[in-house]
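The values are calculated or read from the model by the stated rules, or taken from the named source; none is laboratory data. Source: prediction; values computed, not measured. Glycine gets a Cβ as well: all are built from the backbone with ideal geometry, and neighbour counts include every protein chain shown.
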Amino acid sequence: MAERVLFSETLEQKLQLVPLAIVDDSPGAALATPAAPGRPLELRMRSGKERIDFPHGARLEQDRERGVLLHFLANHELLAAELMALVLLKFPDAPKAYRAGVYEAMREEQSHALMYLRRMKEVGVQLGDYPVNDYFWRIVAPMETPLDFVTRLNLTFEQANLDFSKYYAGLFRQVGDAATAAVLEKIHLDEIGHVGHGLRWFRQWKAQGETDWHGYQRCLSFPLTPARAKGNAPFNAASRRLAGMDEEFIRALQVCSFSRGRTPVLHWFNPNAEGHARAAWAGKPWQPNANAVSLEQDLELLMLGQCKRDDALLLRRMPSIEHLERLQNAGFVLPELWPQDCPPGRKLGGVRPWAWSPEAIAQLRPYAADVSSALPMPPSKAWPHAWFSKAIGLQLEKRLGSQDQTATWCTTLDDVLIHVRKWLENGQALLKAPFACAGKGHLRVNSETDLKKMSAWVVNTLRDHGGVVVEPWLERVMDFSALYEMHASNSQRRVELIGMTRMHNDAAGRFQGIQVSRKWGSILDDSIAAFLFREAKVLDVYEKQIPSMLNSLLPGYQGAVGVDAMVHRLDDGSLALKRVIEVNVRQTMGRIAWDWMQHRAGMQNGFLRILRKKDLGKNQIYQLDSESGIFLNDPAHADAFLAHMEFSAGQGRVTCVESSQREKQDCRF
């Protein structure tokens with residue numbers, strides 16, 4: 001019977017229902033897997049370019065669209081019957097109870113195909129009118145054990161049909177096609193049984209003591225991933241429970257994601273890029289402190305905002321299912337999550353870390369070969385060290401033209417003293433360590449007394465950073481940043497202004513939080529907005545002047561760039577613009593906040609803050625995790641840092657964080 005289903009070259013013979021009862025005493029020798037099942041000429045499977053797109057559910061009121069969809073489904077049911085025949089012939093020594101269940105399911109698959117054929121005939125379509133693909137066959141037929149079969153067919157493709165058949169039955173009812181809806185509902189009930197049968201035997205054959213979910217993950221091999229076990233339809237947890245799946249499996253699968261169609265771009269979070277660049281410049285190994293390690297581990301989920309639906313994120317520590325559920329329930333589409341030890345070998349559409357610093361080159365080099373040569377390739381070595389230091393900002397500031405408050409790069413203690421004394425004549429001075437970021441590595445000098453105390457700091461910084469930046473201390477009014485993306489094509493390079501942000505720093509310039517808005521002026525105070533747009537000509541500076549300079553300033557670079565700037569107050573009380581504080585040749589917290597906002601439909605504003613976990617009680621964490629705000633990383637798993645994002649749909653003013661009660665909770669690092 002199985003041979004007839006597998007090898008017959010007429011549809012009538014293939015789909016002639018096998019007897020309900022059969023004796024399985026002499027199954028015969030094991031069959032070698034054929035290249036393809038027997039098929040009539042018009043139903044030969046094609047794996048080449050000839051294909052037809054899957055119909056859109058919104059067009060099912062059209063006979064042709066219904067016919068095309070039914071054609072897809074009939075071929076799937078035919079393939080399932082053929083594969084079940086194959087497993088019976090290929091594994092004659094499998095347990096008789098298992099074989100009996102497969103035989104019964106094979107008969108049901110024949111019945112399903114016949115039901116689809118009848119519905120197709122009524123809308124004027126015959127099986128073979130459109131190309132049929134061989135995907136199921138290519139993935140399942142090479143199985144080496146019955147465990148492979150239950151993993152690939154029952155627990156992957158048939159499990160996905162629990163979503164699809166239920167959902168499309170509803171769609172067919174909505175367009176008035178009750179007959180097709182009834183067919184899908186019958187098939188849905190049968191699929192619950194097929195999945196349940198596979199699950200029972202999977203539990204017997206997987207490693208002892210292994211959970212269903214971990215066993216399933218282990219048994220799958222690329223191109224199959226757990227996400228293939230979800231249909232392109234609303235997730236149907238109830239039917240999975242009826243099939244016998246446990247809650248851990250169901251919840252883990254629901255938050256699981258996988259690239260469908262587009263090859264994924266691989267993202268990675270390396271927030272200590274400046275430290276690694278400084279260590280490489282000095283020829284020393286990177287020695288992170290506890291804060292640096294916590295930043296990497298606690299905040300790596302921030303990169304989810306950078307990921308599109310079909311992308312992948314490389315992680316040091318996998319997040320909890322509970323946290324992924326919170327993000328999913330809040331409306332965020334999750335990318336595919338890879339553990340950091342995930343081996344290369346998967347085709348990629350690009351590689352995109354936080355920064356292309358030395359450790360990113362080392363970590364991501366194995367994946368570079370997986371990127372198509374037709375796409376922009378990752379760099380083979382880290383960008384120049386100066387791109388990760390304050391030096392690149394000074395170069396941009398110089399190109400824009402001198403201002404009274406221009407910073408100076410100093411390489412000796414005497415140079416530092418000369419320039420500090422210059423600024424002390426009329427105010428105060430600020431010293432910056434070139435490879436520091438987020439306001440760290442700053443030293444404020446108020447007087448000659450401070451000048452004497454700072455010598456050791458300057459000497460150490462010159463040794464470890466190769467220079468010290470000296471600039472006047474300015475009365476800070478507002479910090480902001482311009483977000484750019486540098487693109488490359490075959491013939492030209494393009495610099496795109498993505499958006500503008502408003503940064504919230506403490507009095508010393510250390511990062512506290514950042515606001516983003518689709519309409520930047522709506523988050524600025526009226527007086528500041530008037531100054532920036534009318535007097536400072538801010539749009540001319542950041543939309544025209546700076547983009548025209550970045551290509552020559554950063555030759556060959558592709559990716560994100562942030563330019564930090566500041567509005568400050570002069571001695572006479574008027575406002576002034578410091579056009580460049582620093583240039584970040586990498587992702588920034590502003591870009592992260594901007595991209596997270598894009599994931600929330602209808603949201604006009606976003607406010608990202610980095611908080612210290614130790615400063616928050618359990619009640620505060622609960623209160624912050626609300627409809628308008630969400631923790632982007634998992635409070636339960638974080639060691640030191642929490643990333644909290646608030647969203648709003650309006651264009652109203654937002655109170656500055658410095659003057660709000662939240663200031664006590666903000667991180668200063």
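What residue, of A85, A94, is in a helix (DSSP H, G or I) and among the aliphatic types (A, V, I, L, M)?
A85
Taking the conditions exactly as written (among the charged types (D, E, K, R), in contact with a Leu (Cβ under 9 Å, 6 or more places away or on another chain), at pLDDT 95 or above and part of a helix (DSSP H, G or I)), does R240 satisfy them or not?
When the stated conditions are applied, R240 passes them.
Give me the pairs: first residue in the stretch 1-30 and outside any loop (DSSP other than H, G, I, E, B), second residue aromatic (F, W, Y), beta-carbon distance under 8 Å, and six or more apart or on different chains, which are they?
Sorted first by the residue in the stretch 1-30, then by its partner, the pairs are A2/Y103.
Considering only residues that are under 23 Å from T588 (Cα atoms) and assigned to a loop (DSSP other than H, G, I, E, B), which ones fall in the stretch 407-433?
A407, A433
Identify, please: which residue in the stretch 321-331 is within 15 Å of the chain's Cα centre (by Cα) and among the hydrophobic types (A, V, I, L, M, F, W, C) and is, among those, surrounded by the most Cβ atoms within 10 Å (Cβ to Cβ)?
Residue satisfying both the conditions and the ranking: L324.
Find all pairs meeting these conditions: Cβ atoms under 7 angstrom apart; at least six residues apart or on different chains; first residue within the stretch 568-581 and touching a residue at least 24 places away in the same chain (Cβ under 8 Å) and in the same structural domain as P547 (by TED's automatic domain parsing); second residue part of a strand (DSSP E or B) and among the charged types (D, E, K, R).
Filtered contacts from the stretch 568-581: H568/E475; H568/R476; H568/K578; R569/E475; L575/R569; I581/D564.
Can L539 be described as without any contact (Cβ under 8 Å) to a residue 40 or more places away in the chain and within 18 Å of A482 (Cβ to Cβ)?
Details: without any contact (Cβ under 8 Å) to a residue 40 or more places away in the chain: yes; within 18 Å of A482 (Cβ to Cβ): yes.
In short, yes.
Taking W281 and the conditions (1) at pLDDT 95 or above; (2) touching a Gly at 6+ places or on another chain (Cβ under 7 Å); (3) in the same structural domain as L334 (by TED's automatic domain parsing), which numbered condition does it fall short on, given that it satisfies the others?
All conditions are met except number (1).
Which of the residues belonging to the stretch 125-141 are touching a residue at least 60 places away in the same chain (Cβ under 8 Å), touching a helix residue (DSSP H, G or I) at 6+ places or on another chain (Cβ under 8 Å) and more than 15 Å from F72 (Cα to Cα)?
I139, A141, listed by residue number.
From (1) buried (at least 19 other Cβ atoms within 10 Å of the Cβ); (2) at pLDDT below 95; (3) touching a Gly at 6+ places or on another chain (Cβ under 7 Å), pick out the condition that doesn't hold for F172.
Result: F172 passes all but (3).
Answer yes if at least one residue in the stretch 549-565 is part of a helix (DSSP H, G or I) and touching a strand residue (DSSP E or B) at 6+ places or on another chain (Cβ under 7 Å), and no otherwise.
yes
Among the residues of the stretch 575-587, is there at least one that is modelled with pLDDT of 75 or more, touching a Ser or Thr at 6+ places or on another chain (Cβ under 9 Å) and surrounded by fewer than 17 Cβ atoms within 10 Å (Cβ to Cβ)?
no
Name, by its number, the condition in (1) surrounded by fewer than 17 Cβ atoms within 10 Å (Cβ to Cβ); (2) within 24 Å of A536 (Cβ to Cβ) that does not hold for R591.
Status for R591: all satisfied but (1).
What are the residues in the stretch 140-181 that are of a type in the set (V, I, T) and either under 23 Å from A237 (Cα atoms) or assigned to a helix (DSSP H, G or I) (or both), if any? Working first, answer last.
From the stretch 140-181, those of a type in the set (V, I, T) are 140, 145, 150-151, 156, 175, 180; that's our starting set.
Within the stretch 140-181, V140, V150, T151, T156, T180 qualify.
Taking the condition without any contact (Cβ under 8 Å) to a residue 24 or more places away in the chain and within 16 Å of the chain's Cα centre (by Cα), does M318 pass?
Yes.
Can you pull out the residues in the stretch 258-268 that are β-branched (V, I, T) and in a loop (DSSP other than H, G, I, E, B)? Spell out how you get there, then give the answer.
Quick first cut of the stretch 258-268, residues β-branched (V, I, T) only: 263, 265.
Correct list: T263 only.
Name every residue in the stretch 269-298 that is closer than 16 Å to S389 by Cβ and assigned to a helix (DSSP H, G or I), in order of residue number.
Passing the criteria: A273, E274, G275, H276, A277, R278, A279, A280, W281, A282.
Tally up the residues in the stretch 585-642 that are closer than 23 Å to R309 by Cβ, of a type in the set (S, T, N, Q) and in contact with a Phe, Trp or Tyr (Cβ under 8 Å, 6 or more places away or on another chain), please.
2
Got a sec? Which of L413, L400, L431, L417 is surrounded by fewer than 19 Cβ atoms within 10 Å (Cβ to Cβ) and in contact with a strand residue (DSSP E or B) (Cβ under 7 Å, 6 or more places away or on another chain)? Before you say what the answer is, go through the steps one by one.
On the way: L413 fails: in contact with a strand residue (DSSP E or B) (Cβ under 7 Å, 6 or more places away or on another chain); L431 fails: surrounded by fewer than 19 Cβ atoms within 10 Å (Cβ to Cβ); L417 fails: in contact with a strand residue (DSSP E or B) (Cβ under 7 Å, 6 or more places away or on another chain).
None of the other options fit; the residue is L400.
Here are L224, L242, L155: which of them is surrounded by fewer than 17 Cβ atoms within 10 Å (Cβ to Cβ) and not assigned by TED's automatic domain parsing to the domain that holds G349?
Checking each option against the conditions leaves just L242.
May I ask you to verify whether F91 is under 17 Å from R44 (Cβ atoms) and at pLDDT 90 or above?
no
Hey, could you check the stretch 434-479 for residues that are small (G, A, S) and not in a helix (DSSP H, G or I) and say which is surrounded by the most Cβ atoms within 10 Å (Cβ to Cβ)?
Across the stretch 434-479, the extreme among qualifying residues is G467.
Pull up the stretch 12-29, narrow it to residues that are modelled with pLDDT of 90 or more and hydrophobic (A, V, I, L, M, F, W, C), then point me to the one that is farthest from H76 (Cα to Cα).
The selected residue is L17.
Yes/no matrix, rows are residues, columns are (1) of a type in the set (G, A, S); (2) farther than 25 Å from L553 by Cα; (3) assigned by TED's automatic domain parsing to the domain that holds M454:
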site	(1), (2), (3)
L375	no, no, no
K381	no, no, no
Q395	no, no, no
L413	no, yes, yes
K422	no, yes, yes
N426	no, yes, yes
A429	yes, yes, yes
